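The values are calculated or read from the model by the stated rules, or taken from the named source; none is laboratory data. As the structure is a computational prediction, the values presented were derived from the model and not from experiment. All Cβ positions, even for glycine, are placed from backbone atoms using ideal geometry, and neighbour counts span all protein chains on display. Accessible surface is based on the protein model in full, side chains and every heavy atom, while ligands, DNA and RNA are left aside. Shrake-Rupley method; radii C 1.70, N 1.55, O 1.52, S 1.80 Å.
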Amino acid sequence: MAMDLRGSDSVPGQNHQVNSVFTPSPEPLRPGGRISDQAGGNSTSEAKPTLPTGQAHSSEPAERDPQAYSTASLNSESKGGIGNCDAPAGESLLGNYELSQQIGTQLKLLPMNDQIRELQTIIRDKTATRGDFMFSADRLIRLVVEEGLNQLPYKECMVTTPTGYKYEGVKFEKGNCGVSIMRSGEAMEQGLRDCCRSIRIGKILIQSDEETQRAKVYYAKFPPDIYRRKVLLMYPILSTGNTVIEAVKVLIEHGVQPSVIILLSLFSTPHGAKSIIQEFPEITILTTEVHPVAPTHFGQKYFGTD
């Protein structure tokens, strides 16, 4: 399941350095007491003293230096979302605490594991063959689509097994549809159809105007009753967020509320996700990674026009 980012205590991807060596005090510690940093540094580490038997541990949360959490992400924002491609991946990724503070809890990340990390690596690798690229992209798309479906409402139901046993389960509530933002969003359509064979899928074509460089809607076709449906909006790469913002505006014009839109993407920049949620605070964004550098070559390589 996706992680609901509400200020987790742990911050993946951040290397906290302790600038001083702690020497235990010879004096006994009081219950709930705290050991101060002897060197006066900004370390967020806190020693955990061993208390005598019968004394309770303090449940008071440790104090944090907010700069330790926000420096890396603020630097990337000040540079317009452009990061250092040669930086180690673990130092470039934003942690859950930073995402929830800067972007909002409507942004949800798939739990990171080695399988997802490998797929991301192949997609970003410029030496990857198109066959390997498409295979990895389709696998990653399927994972995102499956989690996107998990965000939709279910209802309880009762079925009978071949042995006559009554089984209490769940099933999808009716009234869902997909919308792909052409053309890269079309790469995610098959993954959705593989999971929902009869689901209806609309399309939006948005391109940048050559003179103003602003996103412009050229084509939009939806199911006639889309205003009564929950929408899985598909767009694999969120760079600036402008294309998605225009697409959501078109959906709103057709009676769709932002609260029923779930945006499925593979990669997002901090700026792109933040722009979308600032414009539409009720929308849900589901992605695998938030990184200052997005693989903007995705659509061209997937469709063989690179």
Quick check on my filter: what residues within region 212-239 are of a type in the set (Ser, Thr, Tyr) and touching a helix residue (DSSP H, G or I) at 6+ places or on another chain (Cβ under 6 Å)? Tyr235, Ser239
Which of the residues belonging to region 130-189 are assigned to a loop (DSSP other than H, G, I, E, B) and in contact with a helix residue (DSSP H, G or I) (Cβ under 7 Å, 6 or more places away or on another chain)? Gly175, Arg183
Would you tally the residues in region 126-141 being open to solvent by 90 Å² or more (accessible area, probe 1.4 Å) and among the basic types (Lys, Arg)? 2
Selection from region 202-240 of residues more than 14 Å from Glu189 (Cβ to Cβ), in contact with an Asp or Glu (Cβ under 8 Å, 6 or more places away or on another chain) and not charged (D, E, K, R) yields Ile206, Ala215, Val217
Considering each of Lys230, Lys221 in turn, give the residue that is open to solvent by 40 Å² or more (accessible area, probe 1.4 Å), in contact with a strand residue (DSSP E or B) (Cβ under 6 Å, 6 or more places away or on another chain) and under 16 Å from Asn176 (Cβ atoms). Lys230
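Condition check ((1) farther than 25 Å from Arg124 by Cα; (2) polar (S, T, N, Q); (3) at pLDDT 95 or above) across all residues:
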{"site": "Arg183", "(1), (2), (3)": "no, no, no"}
{"site": "Ser208", "(1), (2), (3)": "no, yes, no"}
{"site": "Ile261", "(1), (2), (3)": "yes, no, yes"}
{"site": "Lys274", "(1), (2), (3)": "no, no, no"}
Residue that is surrounded by the most Cβ atoms within 10 Å (Cβ to Cβ), among those in region 264-292 that are touching a residue at least 12 places away in the same chain (Cβ under 8 Å) and of a type in the set (S, T, N, Q): Ser268
Restricting to region 237-263, and then to whatever is of a type in the set (S, T, N, Q) and in a helix (DSSP H, G or I), can you tell me which residue is most open to solvent (accessible area, probe 1.4 Å)? Asn242
Every listed condition ((1) closer than 26 Å to Ser275 by Cβ; (2) in a helix (DSSP H, G or I); (3) modelled with pLDDT under 95; (4) open to solvent by 20 Å² or more (accessible area, probe 1.4 Å)) holds for Thr105 save (2)
Would you confirm whether any residue within region 193-202 is polar (S, T, N, Q), under 18 Å from the mean Cα position of the chain (by Cα) and either part of a loop (DSSP other than H, G, I, E, B) or modelled with pLDDT of 95 or more (or both)? no
Among the numbered criteria (1) over 19 Å from Ser268 (Cβ atoms); (2) at pLDDT 95 or above, which single criterion is violated by Gln120? (1)
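So is Ser92 within 18 Å of Ser239 (Cα to Cα), crowded, with 18+ Cβ neighbours inside 10 Å, at pLDDT below 95 and among the hydroxyl-bearing types (Ser, Thr, Tyr) or not?
Values: within 18 Å of Ser239 (Cα to Cα): yes; crowded, with 18+ Cβ neighbours inside 10 Å: yes; at pLDDT below 95: yes; among the hydroxyl-bearing types (Ser, Thr, Tyr): yes.
Yes; evaluated as a whole, the condition is true for this residue.
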Anything in region 118-138 that is in contact (Cβ under 8 Å) with a residue 12 or more places away in the chain and hydroxyl-bearing (Ser, Thr, Tyr)? List them, or say none. Ser136
